[in-house]
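Read-outs throughout are calculated quantities, based only on the coordinates presented, and are distinct from any laboratory measurement. Source: prediction; values computed, not measured. Here Cβ is always computed from backbone atoms with ideal geometry, including for glycine, and neighbour counts include all displayed protein chains.
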Amino acid sequence: MLISIHSEVIDMKKNSIGDSAKIIRSPCISNCCLDQDDICLGCYRHIDEITGWHSADSTGKLKILENTKARRKQAKYQRSTQSSD
């Protein structure tokens, strides 16, 4: 079962005793290029969030996804204001 949260996808899988476990997929889109602030232009994660993804718990991963959503929104706003100048 797939659930969309924060425009990202979380897989719900049953473990061996029948409980659902959340597996939060990395937002990586394999378009890796860091800007001057060490933010990936593909997934909008900071380098520390990229390197810490696999050791982060579910709460930490959801926080990272919130951060990426905010950065993506800010980048979109900045592009729209630059193109209208």
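Quick rundown of the values:
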| read-out | value |
| --- | --- |
| Relative exposure of 41, 65, judged by other C-beta atoms within 10 Å (fewest first) | 41, 65 |
| Segment residue 66-residue 47, length gained on full extension (0.36 nm per residue, minus Cα span) | 5.3 nm |
